[in-house]
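Q: Have a look at this one before I ask anything.
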Amino acid sequence: MATPDFISTLRASAGHQLLWLPGVTALVFDDEGRVLLNRRSDTRKWSVIGGIPDPGEQPAACAVREVEEETAVHCVVERVVLVQALSPVTYDNGDICQYMDITFRCRAVGGEARVNDDESLDVGWFAVDALPDLNEFGRFRIKQAMADAPTWFDSTGSG
């Protein structure tokens, strides 16, 4: 994930200390019920689509923007799937971030799935019963997006 300019500016004065940041995940489904995934250039692993909203940007608008930037697919947000404070992450350069993730279920409305920026090595549609190797973060979010259930949130108090 490319570091947004506003975070680079914050890091200039904050150093490596923990930054509490918003994050969004977009689970995009097509008319066949397949989910859109990308193989990230930083980890080389398949992943759900996500990113960080710009200051003042609405989370749902960020989800739509990130999907288009990374995959060239146009989508509309249908609903909030889950809200969860994630555990802190320490990056290779020593920066520490903790994200409040808002996951959205989205519906594809146009565009052709393709690598559209330098954050992805590959992009593709996958049947939910034939996913590539995908971490638990992504699998759980896909499962929740498929469920006909209210918005999920972690009530345990731990990230």
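Q: Which residues, counting only those in region 28-43, are open to solvent by 50 Å² or more (accessible area, probe 1.4 Å) and at pLDDT below 95?
A: R40, D42, T43
Q: Inside region 59-101, can you point out the residues that are charged (D, E, K, R), free of Cβ contacts under 8 Å to residues at least 60 places away in the same chain and within 30 Å of E112 (Cα to Cα)?
A: Within region 59-101, R65, E66, E68, E69, E70, E78 qualify.
Q: Of the residues that make up region 104-114, is at least one open to solvent by 30 Å² or more (accessible area, probe 1.4 Å) and under 18 Å from V24 (Cα atoms)?
A: Checking region 104-114: at least one residue is open to solvent by 30 Å² or more (accessible area, probe 1.4 Å) and under 18 Å from V24 (Cα atoms).
Q: Got a number for residues in region 7-17 being over 24 Å from S47 (Cα atoms) and in contact (Cβ under 8 Å) with a residue 12 or more places away in the chain?
A: Residues in region 7-17 being over 24 Å from S47 (Cα atoms) and in contact (Cβ under 8 Å) with a residue 12 or more places away in the chain: 3 in total.
Q: OK, next. Just checking, how many residues over region 10-33 are over 17 Å from E68 (Cα atoms) and either in contact with a helix residue (DSSP H, G or I) (Cβ under 9 Å, 6 or more places away or on another chain) or assigned to a loop (DSSP other than H, G, I, E, B) (or both)?
A: The total comes to 10.
Q: Evaluate region 23-31: report whether one residue or more is under 27 Å from H74 (Cβ atoms) and charged (D, E, K, R).
A: Yes, because at least one residue in region 23-31 is under 27 Å from H74 (Cβ atoms) and charged (D, E, K, R).
Q: Out of all the residues in region 85-134, which are polar (S, T, N, Q) and assigned to a strand (DSSP E or B)?
A: Scanning region 85-134 gives T90, Q98, T103, S120.
Q: Got a number for residues in region 51-84 being open to solvent by less than 20 Å² (accessible area, probe 1.4 Å), assigned to a strand (DSSP E or B), closer than 21 Å to Q98 by Cβ and touching an Asp or Glu at 6+ places or on another chain (Cβ under 9 Å)?
A: 2
Q: Continuing with the same structure: Restricting attention to region 86-103, which residues are among the polar types (S, T, N, Q) and either closer than 25 Å to Q58 by Cα or open to solvent by less than 30 Å² (accessible area, probe 1.4 Å) (or both)?
A: S87, Q98, T103
The values are calculated or read from the model by the stated rules, or taken from the named source; none is laboratory data. Please read all numbers here as calculations on a predicted model, not as lab measurements. For neighbour counting, all protein chains shown are included, and Cβ atoms are generated from backbone atoms with ideal geometry for every residue, glycine included. These area figures cover heavy atoms from the full protein model, side chains too; ligands, DNA and RNA do not enter into them. Shrake-Rupley method; radii C 1.70, N 1.55, O 1.52, S 1.80 Å.
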